[in-house]
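Worksheet for the structure shown next.
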Amino acid sequence: MQRTISAGLIGLVFGTGIALSGMANPAKVLNFFDIAGTWDPSLALVMVSALTVAAIGYRFVLRRDKPIVETRFHLPTGRKLDMPLLAGSAIFGVGWGISGFCPGGAIPALGLGEPTAWIFVGTMLAGIAAARTIRMGLQARATQTA
């Protein structure tokens, strides 16, 4: 129960930050990518601020033996740049540049009543399901040929 409450509060803080910074507004995000037109540098400011807060937070949090509501820290161990990582990053970037939404901005936009967020989140979930299906099929095929 404590873990669920903690996750909910963290999500609320994150979503509030996204909404207050304007990053749930796809037009604001798209203006960041429009360097030759109506460029809006505020997304860079939000990202630099978030990275600064995260870097400071990691320094304090990782000094602890374990998290407050978990038995251990769950940090990534892989450092390999492989094709799934690169392809996924490229698809994420193209989708963000086309729609003005990333998952972190789209979910709070649902709560703000942004109609295009519903379309984005629906297609995002469909893409996740398709990617899982393809990955499982490839793994099954690799297992059969091995």
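Brief remarks on what is shown
- Put in line by how crowded their Cβ is, counting other Cβ atoms within 10 Å and starting with the fewest, Met83, Met124, Met47, Met23 read Met83, Met47, Met124, Met23.
- Checking (i) 54, 40, 30; (ii) 36, 36, 34; (iii) 42, 29, 25 against the coordinates, the calculated Cα extents along the principal axes in Å falls under label (i).
- Karplus-derived HN-Hα couplings along the range 120-136 (A = 6.51, B = -1.76, C = 1.60, θ = phi - 60°), whole Hz, x at Gly and Pro: 4, 5, x, 6, 5, 5, 5, x, 4, 5, 5, 4, 5, 4, 5, 4, 5
- About its Cα centre, the range 2-145 has a charge dipole of approximately 700 debye under the convention of +1 per Lys or Arg Cβ and -1 per Asp or Glu Cβ, with nothing else charged.
- Length gained when the stretch Leu112-Tyr58 is fully extended (0.36 nm per residue, less Cα-Cα span): 16.4 nm
- Förster radius 22 Å - calculated FRET efficiency between Val121 and Val94 (Cβ-Cβ, nearest 0.05): 0.80
- Sequentially through the range 105-119, phi angles give Karplus couplings (6.51, -1.76, 1.60; θ = phi - 60°) of x, 6, 5, x, 5, 4, x, 8, x, 6, x, 5, 5, 4, 5 Hz, Gly and Pro residues having no value and appearing as x.
- Additional length obtainable on full extension of the chain from Ala50 to Ala140, 0.36 nm per residue less Cα span: 28.4 nm
- Contour excess over end-to-end distance, with Cα ends at Phe73 and Ser42 and 0.36 nm allotted per residue: 7.9 nm
No lab work stands behind these numbers, since they all come straight from the coordinates. Just so you know, these numbers come straight off a predicted model, no measurement behind them. So basically every Cβ, Gly included, is an ideal-geometry build from the backbone, and we count neighbours across all protein chains shown.
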